[in-house]
Amino acid sequence: MKTINHWINGQFRDIPPERVGPVYNPATGEQTAQVAMAGPREVDEAVSVAHKAFQDWRNFSLTRRQNIMFAYRELITRHRHDLARALTAEHGKTIDDALGEVQRGLEVVEFACNIAHLLKGAFSEQVSRSVDTYTVRQPLGVAVGITPFNFPAMVPMWMFPIALACGNTFVLKPSEKDPTPAGMNAELLAEAGLPDGVFNVVHGDKEAVDALIGHPDVAAISFVGSTPIARYIFEQGSRNGKRVQALGGAKNHMVVLPDADMDLAADAAVSAGYGSAGERCMAISVVVTVGDAADRLLPRMRERLTDLVVGPGDSEGAQMGPLITAEHRDRVVGYIDAGEQEGARLLDDGRGFVREGHENGYFVGPTLFDQVTPDMSIYRDEIFGPVLSVVRTETYEEAIELVNTNPYGNGTAVFTNDGGAARKFQAEIEVGMVGVNVPIPVPLAFYSFGGWKNSIFGDHSIYGPDGVHFYTRPKVIISRWPDPIHRGVDLGFPQNI
Ligand code: NAD
């Protein structure tokens, strides 16, 4: 059995791990590898190496750091198909979807290629006689990334390119469910010229995470995952004096007004609801229809569902793959059972979906509920599967109120042809990322990504300008140079005259 080991100080650790966890191919249900599970010893080794490497790396010129990012960008482009295949083999998403994930990560690398410009400070000459003042942004030290299973390449790439380009060193703790892309990225960074110890990977679970968030030499923690763990990381990390950004789960609503282009809305709802089998933090999981919109939208959605091809991510024509684990599949099926029992109308039932030749794969077919109400568990909880709920409202105000009272606030969308209605939505909706006739409004790399409410803990969104701010701290300098005038001792408060 292949063992996926930690990457520390520029190489895969060659000591056999004391503890391992299984890695599966979700399309077949077979175990394909075992992954090392770090404890405090391995975490301390990685953090110490990164802490030592920081002293040198922070003094690399901006140009050299940028050049490494440019070289890394080229290597990712060249190896994107390898990354996509590895990703599909452990996550299950389709190859096309995996390639899209790599591309969205690559955009952050491209943003980091511009770090010399992004780190420019401000300068004011002659604020007082012979006195100038200026600002610089300096790296923090060892930054840690703790990432979820659903984007094993992209989410880490939201973090480390900017952290590294800013002059920090990095320890990544990827999801133990699909660990291979992290090691591949480590190898590509090394090939791009990144010095040993600047980027490290430790695999594992809560034990590794707790050792990381408690380690005295860790300066900052970026977390992306579910809301309960995000809250825990934020609270523990902050208590330990770390800078923390922790992005959590979601329940994204798509509001469809009666004047919307119903074909556009149906395409969007099906794509955003079932893409990646619903395992996206920006997936649409609730469609909120206003007035009679549902009667025209639902037949169009169901028509599209009949054509949807579900199968192994690397099979010809597959549009939707399996779920990540058998436990997760059972959990999703449990929600479909509960929705039915709680009185929602089950229009399309994905339970019992079997793909010939892949009977042990973790598949659930696309599932659609109508007449869902806010008290039902399929509405309240993040299901993270191919289950879409339609909630019908009488008025637009009611729809907005529903979105605003939901405890999550990651992404949302409105579908309408009325500019005034769209403008009202963007002004009043209490959600961090908003789409107007766009179902998955993931910001480009030169903006920042972050939800509101229970979808984020901490003051910084991730990547983009917020990423640069998160991974650096500002310093203001006031200098008198040269100053030929000696005024003697003066205990009065300095005035800018
Ligand atoms: P998860 O919270 O179970 O795991 C995330 C990370 O935390 C993993 O590295 C895992 O090993 C670690 N972890 C798990 N349990 C832990 C514990 N008890 N203590 C310490 N660490 C622990 O999330 P997941 O199932 O891997 O990913 C899916 C979730 O991530 C969904 O809720 C999804 O919405 C969310 N997500 C959010 C965003 C966003 O940008 N807001 C993006 C992607 C995914």
>> Going through Glu110, Glu90 one at a time, which residue ends up being open to solvent by 40 Å² or more (accessible area, probe 1.4 Å), acidic (Asp, Glu) and touching a residue at least 60 places away in the same chain (Cβ under 8 Å)?
In response: Glu110
>> Anything in the stretch 146-195 that is in a helix (DSSP H, G or I), under 16 Å from the mean Cα position of the chain (by Cα) and not β-branched (Val, Ile, Thr)? List them, or say none.
In response: Met154, Pro156, Met157, Trp158, Met159, Phe160, Pro161, Ala163, Pro181, Ala182
> Can you pull out the residues in the stretch 18-51 that are out of contact with any helix residue (DSSP H, G or I) (no Cβ under 9 Å at 6 or more places or on another chain) and exposed (fewer than 15 other Cβ atoms within 10 Å of the Cβ)?
Replying inline: Pro22, Glu30, Gln31
> If Ala246 satisfies every condition in (1) touching a Phe, Trp or Tyr at 6+ places or on another chain (Cβ under 7 Å); (2) over 30 Å from Trp7 (Cβ atoms); (3) within 11 Å of the ligand (Cβ to nearest atom); (4) of a type outside the set (Ser, Thr, Tyr) but one, which is the exception?
Replying inline: (2)
> Does the stretch 422-457 hold any residues that are open to solvent by less than 40 Å² (accessible area, probe 1.4 Å) and more than 19 Å from the chain's Cα centre (by Cα), and which are they?
Replying inline: Ala422, Phe425, Ile429
>> For the stretch 196-245, which positions are more than 23 Å from Ile383 (Cβ to Cβ), open to solvent by less than 60 Å² (accessible area, probe 1.4 Å) and assigned to a strand (DSSP E or B)?
In response: Phe199, Asn200, Val201, Val218, Ala219, Ala220, Ile221, Ser222, Val244, Gln245
> Quick one: in the stretch 294-319, which of the residues that are small (Gly, Ala, Ser) and under 27 Å from Arg85 (Cα atoms) is most open to solvent (accessible area, probe 1.4 Å)?
Replying inline: Gly317
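Provide a single number: the residues in the stretch 458-480 that are among the aliphatic types (A, V, I, L, M), open to solvent by less than 10 Å² (accessible area, probe 1.4 Å) and under 29 Å from Thr133 (Cα atoms).
From the stretch 458-480, those among the aliphatic types (A, V, I, L, M) are 462, 468, 476-478; that's our starting set.
Subset that is open to solvent by less than 10 Å² (accessible area, probe 1.4 Å): 462, 468.
Then drop every residue that is not under 29 Å from Thr133 (Cα atoms), which leaves 468.
So the answer is 1.
Under the condition of being within 16 Å of the ligand (Cβ to nearest atom) and assigned to a helix (DSSP H, G or I), which residue from the stretch 275-305 is nearest to Asn437 (Cα to Cα)? Walk me through it before giving the result.
Going residue by residue through the stretch 275-305, those that are within 16 Å of the ligand (Cβ to nearest atom) are 275-286.
Now narrow it down to the ones that are assigned to a helix (DSSP H, G or I): 275-278.
Details: Gly275: 17, Ser276: 20, Ala277: 21, Gly278: 19 Å.
Across the stretch 275-305, the extreme among qualifying residues is Gly275.
The values are calculated or read from the model by the stated rules, or taken from the named source; none is laboratory data. If you're wondering where the values come from, they're calculated on a predicted model, not measured in any experiment. When we count neighbours, we look across all protein chains shown, and the Cβ atoms used for this are built from the backbone with ideal geometry, even at glycine. Remember, those area values only see protein heavy atoms, side chains included, never the ligands or the DNA or RNA. Shrake-Rupley method; radii C 1.70, N 1.55, O 1.52, S 1.80 Å.
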